[in-house]
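Asks: I am attaching a structure below and will ask some questions about it afterwards.
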Amino acid sequence: MYAVIVGCGRIGFNLAKALIAVGHEVTVIEDDQYRSQKITDELGSMVIQGDGSSITTLKVAGVSRADLVIAVTQSDEVNLAVCQMSKAVFNAPKTMALIKNPAHAALFRLLGIDSVINSTHLIISNIEEETPNRPLVHLLNLQRHNMDIVALSIPPDAAVVGQPLSQIDLPPNSFITLVVKDEGPFLPEENLVIKAGDDLIVVTITNEEQALYEILTGVE
């Protein structure tokens, strides 16, 4: 596989090294002169200094023969432009973009970006892995629908303890799909009573996660 990586900060650099390590051909485009030289010293002549959102630079990098173009600069707008030009001008078969603003995910997919990497979710997932008592865990990102599947555990002092599901007012785009109790998993029937220690599997959207957490774990 031939991959072109635009942006070689920490993510781009580690990604390039990982791809090279497993035998893939890689070219890196980095605009910053100092960083470009530093990467060249470590990775060799595979680095091109230049503007990755420039058609000329993309042409020099050989995007026309690339199997994958990965845009991981610090700018969502630049990453979008890189991927769109790679597809429209060079017919790149697959593009991948890093986004910092989760609200941009749906737009990127609508505009034809094949894979969207949400840096906010990556950070949250890493924090969750390092936290002993994880209140809300991201299980899966449903990219096509811009939704997440999350899990959370009901604390003993939560206001929802003792309430049936029919009395819990969730955010409009959030839905409980499974309740896991000590005696096993249960489908979310209206008369099912929530108890301390229950684990809930919920489909939600990023903008509602904080409200969802407060409703299900908050005290009176």
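Each reported figure results from applying straightforward, stated rules to the coordinates on display, with no laboratory input. Predicted model, so just to flag it, every value in this text is computed and none were measured. Heads up, the Cβs are rebuilt from the backbone with ideal geometry, glycines too, and the neighbour counts pull from every protein chain shown.
Asks: From the C-alpha coordinates alone, can you work out the Kirkwood hydrodynamic radius of segment 59-102, in Å? Mind dumping the intermediate values first?
Replies: Numbers: mean 1/r = 0.0960 Å⁻¹.
After inverting the mean inverse Cα-Cα distance, the result is 10.4 Å.
Asks: Please get the size of the charge dipole for the chain, origin at its Cα centre, with Cβ charges of +1 on Lys and Arg and -1 on Asp and Glu, quoted in debye to the nearest 20.
Replies: The dipole magnitude comes to about 1080 debye.
Asks: Pick the calculated mean projected area of the Cα convex hull in nm² for this structure from [x] 14.4; [y] 10.8; [z] 12.3?
Replies: [x]
Asks: Next question, about the same structure. Net charge within 13 Å of Gly7 by Cβ-Cβ distance, Lys/Arg positive one each and Asp/Glu negative one each, not counting Gly7 itself?
Replies: Local charge sum for Gly7: -3.
Asks: So what's the angle, to the nearest 10 degrees on a 0 to 90 scale, between helix 10-21 and the longest Cα principal axis of the chain?
Replies: For 10-21 against the chain, the angle is about 70 degrees.
Asks: Determine the relative contact order of the chain: mean sequence separation of Cα pairs under 8 Å and six or more apart, normalised by residue count, in whole percent.
Replies: 14
Asks: Given an 8 Å cut-off on Cα distances and at least 6 residues of separation, report the relative contact order of segment 165-220 as a percent.
Replies: It rounds to 42 percent for segment 165-220.
Asks: For Ala151 and Gln167, compute 0.36 nm times the residue count separating them, minus their Cα-Cα distance, and round to one decimal in nm. Don't skip to the end; give the middle numbers.
Replies: Working: separation 16, 0.36 × 16 = 5.76 nm, distance 1.98 nm.
Length gained between Ala151 and Gln167: 3.8 nm.
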